[in-house]
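The structure appears right after this line, and notes come after that.
No lab work stands behind these numbers, since they all come straight from the coordinates. Note that the structure is a prediction, hence the values are computed from the model and not measured. Note that we place each Cβ from the backbone using ideal geometry, even for glycine, and neighbour counts take in every protein chain shown.
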Amino acid sequence: MDTALITGASRGLGLALARELSRRGWRLVIDARGADALEEARAELAVRTEVVALAGDVTDPGHQRALIAAAGPRIELLVNNAGALGPTPLPRLGDYPLDALETLYLTNVVAPLALIQLALPRLRAGAAIVNLTSDAAVEAYPGWGGYGSSKAALEQLTRVLAEEHPELRVLAVDPGDMNTRMQQDAFPGEDVSDRPPPEASVPGILAAIYGDAASGRYAARELATPA
């Protein structure tokens, strides 16, 4: 049974992806900061497959090591989905609190790389690393300098890792706008219900995982749905 490690999988895109992988028979290791929501996700997924759920902060080195240990000696898929938006309302860069920016980079850049470093000895040839990114990494939107630059850094790490590990598929995948808590936090007071649900981005991510997509950057909704 193939093993997938998915961070931030108690709700939103992480949970939607975990659901689809459970239907396809993957063994799952999932995490989130909220223990209660994570347990609800584990109970739902465990009806279909083997699931290990560990509550904790993805920036905590001890938690990172526990996730990798739970995954076991072989990992076929690592999905760095957990992330942070930063302060809201989104501040302009001239006013951005630098301590908050450090925390944002720790969550969105350093923690994914730390998990990748720990996972590398367990990733066999052909295994996939999926780093979730955003159009804010490549487009300049006022107020999105903190989050966007953190995702740009993650994308550059993805590109370099792909060059250093040609035996793996190292993918940066942009899921597009979604009706999620993070999207609502980014636009306080606005109605984001017109955004597609997270489930709309899952087929493209599965296409990247199951298809012949080489290492690189992809928009989830531009990828073909896998059989």
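Quick look at the values:
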| read-out | value |
| --- | --- |
| For region 90-227, with +1 on Lys and Arg beta carbons and -1 on Asp and Glu, the positive-most of Val110, Pro166, Tyr218 along the dipole | Pro166 |
| Cβ-defined net charge surrounding Gly204, 10 Å radius [Lys, Arg +1; Asp, Glu -1] | -1 |
| Region 1-134: C-alpha pair distances exceeding 19 Å, % | 49 percent |
| For the chain: relative contact order, % (alpha-carbon pairs under 8 angstrom, 6 or more apart) | 18 percent |
| Cut-off under 5 Å, modelled amide H: who pairs with Val52 long-range | Leu28, Val29, Ile30 |
| q = 0.13 Å⁻¹: log10 I(q)/I(0) that the Debye formula gives for region 67-192, counting C-alpha atoms only | -0.56 |
| Proxy reagent accessibility, fewest Cβ within 10 Å first, across Met178, Met1 | Met1, Met178 |
| Gyration tensor verdict on the chain (Cα atoms; rounded if a/c is under 1.5, prolate if a/b is larger than b/c, oblate otherwise) | rounded |
| Region 119-227, relative contact order [Cα under 8 Å, separation at least 6], % | 27 percent |
| Between region 76-147 and region 47-74, the alpha-carbon center distance in angstrom | 19 Å |
| Ranked list, fewest to most other Cβ atoms within 10 Å of each Cβ, for Tyr105, Tyr141 | Tyr141, Tyr105 |
